[in-house]
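Scroll down for the structure; my scribbles are underneath it.
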Amino acid sequence: MISDTQANGPVTKAKSKDSDNLHPNISLDDDSMDSLDDLLPPSKIHADKNRGESNIDADLDAMLEIDMDDIAKYNLKQRERAKQKRKKRGICCECVKIGNTMVWNQALYKRWKIGIIGPHWLGVMSTVALLYSASYYFTLKAYHDLGIISAGICIWFMVQTTVSLFMVACRDPGIVLDTSKSDELFGEGGLNGPGRGEYSVLDNHMQGEEEGWRYCGVCEVYQPPDAAHCADCNVCVDGYDHHCPWMGICIGKGNYNSFLMFNITWLIYLIYASAWVTLMGPQVMKNDNMSGVP
């Protein structure tokens, strides 16, 4: 009968079962243990060159620590390069995408939370075209039929409505960004204006859920109780009311007051243009002219 030794060849070294499970590609004979020293810096090598199998875990941990340090250094270097690139290119005209919205002016956005445009920017252009075409007609009519004062009032309403429109369309509606996300988009400490750290990750998740905070897996942020995810803008908006295609963006906590002002302004403008410029004004002027005739 052929023995196991004759069939399999001479056994060079015995290996423990636990040591084999450390890594399938690591052999724990004397030569392999010496090779670990080549992978470690001198400061990581143990003074005892004749260490046994019990020190293998410590050597592997040291190797892992070196890899993590290298990764951290690489990430730091990448952030520094991105920072230098932002300084070189400037931040005023460098666009940053948040969901489906676009920050077209970082300087304004960081300071006053304006300088953003929604995905339906054609709706904003359509609203502007409708406003200016109507204003052109009513202003000319008021100037010819009623005089320069009525025409000036039409121009004033047009300017106020335009300002209110762009304060809605270009203002942050209340996009939920925690500190880590804002640092990722605008650089570390880049977003120093309103909302900085307002939506930081909750320390106590259970307490946050009891208070009505919810986690959005799409945006990877925690939503405040009155926030919701907008599928059109693809962001979570605090105080979400609705998505307005005429404004091109969501209506939320950040631009709700401007949205109300826009609606009040254009409604008063419409009443003035319809009632006074079109109906009452010309009739009053006609009566005055008739009364002045001898």
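Only the coordinates and a few stated rules stand behind these numbers; no lab work does. This is a predicted model, so every value here is computed, not measured. In this analysis, Cβ positions are derived from the backbone assuming ideal geometry, glycine residues included, and neighbour counts consider all displayed protein chains.
General observations
- Simple spin-label estimate for Asn289 and Ile268 in nanometres, 7 Å along Cα-Cβ: 3.0
- Rounded FRET efficiency, nearest 0.05, which uses the C-beta distance separating Thr179 from Val159 and R0 of 25 Å: 0.05
- Distance between the modelled labels on Tyr132 and Leu260, one decimal in nanometres: 3.0 nm (7 Å Cα→Cβ projection).
- The stretch 115-173 and the stretch 250-279 have their alpha-carbon centroids 10 Å apart.
- Set Lys113/Lys141; Lys141/Lys253; Lys113/Lys181 screened for pairs whose C-alpha atoms are more than 27 Å apart: Lys113/Lys141; Lys141/Lys253
- FRET efficiency, 1/(1 + (r/R0)^6) with R0 45 Å, evaluated for Tyr215 and Leu279 via beta carbons: 0.20
- Amide hydrogen neighbours beyond the local backbone of Ile249, cut-off 5 Å, H modeled: Cys244
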